[in-house]
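Where a number appears in this text, it was derived from the coordinates with a stated rule and is not lab data. In this text, all values refer to a predicted model and were calculated from it rather than measured experimentally. As a convention, Cβ positions derive from the backbone with ideal geometry for all residues, glycine included, and neighbour counts pool all protein chains shown.
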Amino acid sequence: MQSRLQSLEALGIPTEFHAYEGLTHGFGIGTGTTAEGWISDAVAFWEAQCE
């Protein structure tokens, strides 16, 4: 993943990556986990790309 992020950044493509303690890759809202709130963070990142 780190290599992929570096490649995107080298092309000038904004990136953001979050690793959450004790969790592997998954989908869901994260309620009750260290990933709680990830959706708000993702939306904020996406909205910033539209400015």
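Structural remarks
- Electrostatic tally near GLU16: other residues with Cβ closer than 14 Å to its Cβ, Lys and Arg +1, Asp and Glu -1, net -2.
- Radius 12 Å from Cβ of ASP41, net charge of other residues (Lys, Arg +1; Asp, Glu -1): -3
- Degrees between helix 38-49 axis and first principal axis of the chain (Cα, 0 to 90, nearest 10): 20 degrees
- Sequence-distant contacts, meaning Cα pairs under 8 Å at least 6 residues apart, place the relative contact order of the chain at 22 percent.
- When only the Cβ of Lys, Arg, Asp and Glu is charged (+1, +1, -1, -1), the dipole of the chain relative to its Cα centre reaches about 200 debye.
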